[in-house]
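Participant: Here it is, the structure, as structure tokens.
The values are calculated or read from the model by the stated rules, or taken from the named source; none is laboratory data. On a predicted model such as this, the values are computed, not experimentally measured, just so you know. Positions of Cβ are generated from backbone atoms using ideal geometry, with glycine treated the same way; all protein chains shown enter the neighbour counts.
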């Protein structure tokens, strides 16, 4: 999975796979889902991202179910949090 933010266009893009985009639909105003040729979601775009979220450059990524080994990374043993600042 890849996440990128284009500050000039104010678009946050999440790619779930490297599959070719066959079709895109604006499911809700400003939320575009990208589909491959068999209908799987391969990506998502959020238009006007800075107006829809607090900080589109910051991402919190959690992996659940990793057990006690994650205590170093998180207050909750079942989750690991990695904070990343997306480059422009």
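Participant: Quick one: count up the residues across region 7-45 that are in a loop (DSSP other than H, G, I, E, B), touching a strand residue (DSSP E or B) at 6+ places or on another chain (Cβ under 9 Å) and without any contact (Cβ under 8 Å) to a residue 40 or more places away in the chain.
Facilitator: 13
Participant: I need the full set of residues from region 61-88 which are surrounded by 10 or more Cβ atoms within 10 Å (Cβ to Cβ), modelled with pLDDT of 55 or more and part of a strand (DSSP E or B), in order please.
Facilitator: Matches in region 61-88: 61, 62, 63.
Participant: Being loosely packed, with under 15 Cβ neighbours inside 10 Å, within 18 Å of residue 11 (Cα to Cα) and at pLDDT 90 or above is the filter here; which residues of region 24-40 pass it?
Facilitator: Correct list: 24, 25, 26, 28, 29, 30, 31.
Participant: Could you go through region 46-60 and let me know if any residue there is assigned to a strand (DSSP E or B), at pLDDT below 95 and surrounded by fewer than 11 Cβ atoms within 10 Å (Cβ to Cβ).
Facilitator: The answer is yes; a qualifying residue exists.
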